[in-house]
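The values are calculated or read from the model by the stated rules, or taken from the named source; none is laboratory data. Note that the coordinates shown come from a computational prediction; the quantities given were computed from them, not determined experimentally. Positions of Cβ are generated from backbone atoms using ideal geometry, with glycine treated the same way; all protein chains shown enter the neighbour counts. With ligands, DNA and RNA removed, areas are computed over all heavy atoms of the protein, side chains included. Shrake-Rupley method; radii C 1.70, N 1.55, O 1.52, S 1.80 Å.
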Amino acid sequence: MNREEAVQKYQEDVKEYLQNVSKRLKSGFAEGEKWFVKAVRKTVYQLYSTYEEKEKIRYLQLSLLRSRMDEDLYEMLVSFHREAYFLDPAPRMQKADISDLFAPLKAARTPLYKALRKYQGKVQKYDADRMIRETAMAAYKKQAERCRFLFRDLDLWLSESGLQAVQRLTVKWGGFEEACETVFLTDTGKKEQEQFLTYNEPNTVEQWDSRYVYQSWETAQFTDLYAEKKNLLFAVLRSCRMERCQWENCLMHGVGFRDSDLRQVTFAGCDLSGSDFRGVRMEQVTFLECNLTEADFTGTKLQDAVFTGSVMDRAVFSRDGLFCKGLDAGQLQKIRMEEEPYVF
């Protein structure tokens, strides 16, 4: 057995063990997320409050660093960047120790080293170290979807701390100077309905194009709008006003409608799973055969809202949502009541 074959055999031998470690990492993230959010919020506040030219900030990067993982030190780098992003010559950066979230990996190093012995030097400790780093990065990147929920009010965090949020800010999650996922976007610049129509004219769910993911139409006003089969994945529609609008068969997973005003609006056959309707004022709004799994209606005013034939599994409502006439008995069995808010 040569070295290449030995490394491949070693990877196969420890594959199941590392899969179990990954499961424990996921559970650990869930258990420690309140602490994690506090740590991120504190670090972001410290960096942002001392940034002299806040109006030039365009990106907030939340990166897991590989540099000291071999010492069982897991650090997140919080960094603000201007328009040039990673080419910004003077980003503002600060590290945060999040090693506690990676305790299962720290414990895994000794068993992985012991598994090397039977390969008589053909597989080295640095091979095990590399697998640990790869497992850590994969686990971190998989938290992107959850972080979209945890950081969905980042603009409010800043204003509540007495800091004026920038007009446009994109929050990125992943490795430093690597391809990263967007987990938050705010852009309060003026936008017109005609711009939306022009930009999305070629957009269709039948032909995937990442350009249409995370569109921002924050504060826009839509009147007599008809949109069909559009890819609006993670679109930002916070503080919008919609009147006499119809959305049909659109991909709207994770869309943020927070604090919007919807009047005589119909969603038909849309995937609205994981969407944020908190604080939305609804008047004569119809959800017809939509997927509203894990959508959040906390604090939503549901006047005349109906959910005909819609999937409501684990959708979250305030307690007064129980009195919404538009929910049938089966749907009421599927929804959840809002949990106590985090106290930071």
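Kindly check whether there is at least one residue in segment 163-178 that is assigned to a helix (DSSP H, G or I) and open to solvent by less than 50 Å² (accessible area, probe 1.4 Å). Looking through segment 163-178, none of the residues is assigned to a helix (DSSP H, G or I) and open to solvent by less than 50 Å² (accessible area, probe 1.4 Å).
Scanning segment 1-20 for residues that are of a type in the set (A, V, I, L, M) and in a helix (DSSP H, G or I) turns up Ala6, Val7, Val14, Leu18. Please find, within segment 171-194, the residue that is modelled with the lowest pLDDT out of those that are among the acidic types (Asp, Glu) and in contact with a Phe, Trp or Tyr (Cβ under 6 Å, 6 or more places away or on another chain). Filtering first and then ranking leaves Glu177. With respect to the conditions (1) over 19 Å from Ser273 (Cα atoms); (2) of a type in the set (A, V, I, L, M, F, W, C); (3) under 17 Å from the mean Cα position of the chain (by Cα), Leu232 lacks only one, and its number is (1). Scan segment 266-299 residue by residue and report those that are farther than 24 Å from Thr182 by Cβ, of a type in the set (A, V, I, L, M) and crowded, with 23+ Cβ neighbours inside 10 Å. Answer for segment 266-299, where residues must be farther than 24 Å from Thr182 by Cβ, of a type in the set (A, V, I, L, M) and crowded, with 23+ Cβ neighbours inside 10 Å: Met282, Val285.
Residue by residue, here is whether (1) within 30 Å of Lys54 (Cβ to Cβ); (2) of a type in the set (D, E, K, R); (3) touching a His at 6+ places or on another chain (Cβ under 9 Å) holds:
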position: Asp72; (1), (2), (3): no, yes, no
position: His81; (1), (2), (3): yes, no, no
position: Tyr85; (1), (2), (3): yes, no, no
position: Ala90; (1), (2), (3): yes, no, no
position: Ser99; (1), (2), (3): no, no, no
position: Leu112; (1), (2), (3): no, no, no
position: Tyr119; (1), (2), (3): no, no, no
position: Met131; (1), (2), (3): no, no, no
position: Glu134; (1), (2), (3): no, yes, no
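Just for segment 15-24: of the residues that are open to solvent by less than 90 Å² (accessible area, probe 1.4 Å) and among the polar types (S, T, N, Q), which one is farthest from Cys180 (Cα to Cα)? Filtering segment 15-24 for residues that are open to solvent by less than 90 Å² (accessible area, probe 1.4 Å) and among the polar types (S, T, N, Q), the one farthest from Cys180 (Cα to Cα) comes out as Asn20.
Taking the criterion of being of a type outside the set (A, V, I, L, M) and either open to solvent by 20 Å² or more (accessible area, probe 1.4 Å) or over 17 Å from Asp276 (Cβ atoms) (or both), the residues of segment 308-329 that qualify are Thr308, Gly309, Asp313, Arg314, Arg319, Asp320, Phe323, Cys324, Lys325, Gly326, Asp328. Within segment 218-238, being touching a Leu at 6+ places or on another chain (Cβ under 6 Å) and either open to solvent by 20 Å² or more (accessible area, probe 1.4 Å) or within 14 Å of Leu262 (Cβ to Cβ) (or both) holds for one residue alone: Leu233.
Remark: pairs (first residue in segment 214-229, of a type in the set (Val, Ile, Thr); second residue open to solvent by 40 Å² or more (accessible area, probe 1.4 Å) and not in a strand (DSSP E or B); Cβ separation under 6 Å; 6+ apart in sequence or on different chains) = Thr219/Thr188; Thr219/Ser239. Selection within segment 43-78: residues that are of a type in the set (S, T, N, Q) and in contact (Cβ under 8 Å) with a residue 60 or more places away in the chain. The member of this set that is nearest to Lys172 (Cα to Cα) is Gln61. Contact map, segment 136-162: residues that are under 24 Å from Pro104 (Cβ atoms) paired with residues that are hydroxyl-bearing (Ser, Thr, Tyr) and open to solvent by less than 70 Å² (accessible area, probe 1.4 Å), Cβ distance under 6 Å, separation 6+ or inter-chain. Pairs shown: Ala139/Ser22. Report the residue count in segment 179-190 for those that are in a loop (DSSP other than H, G, I, E, B) and in contact with a strand residue (DSSP E or B) (Cβ under 8 Å, 6 or more places away or on another chain). Result for segment 179-190: 3. The one condition from (1) under 20 Å from Cys180 (Cα atoms); (2) small (Gly, Ala, Ser); (3) free of Cβ contacts under 8 Å to residues at least 24 places away in the same chain that Ser27 does not meet is (1). Inside segment 190-217, residues that are of a type in the set (Ser, Thr, Tyr) and open to solvent by less than 60 Å² (accessible area, probe 1.4 Å) make up a count of 4. Is it the case that segment 180-193 has a residue that's over 30 Å from Tyr51 (Cα atoms) and either of a type outside the set (Lys, Arg) or in contact with a helix residue (DSSP H, G or I) (Cβ under 9 Å, 6 or more places away or on another chain) (or both)? The answer is yes, given that some residue of segment 180-193 is over 30 Å from Tyr51 (Cα atoms) and either of a type outside the set (Lys, Arg) or in contact with a helix residue (DSSP H, G or I) (Cβ under 9 Å, 6 or more places away or on another chain) (or both).
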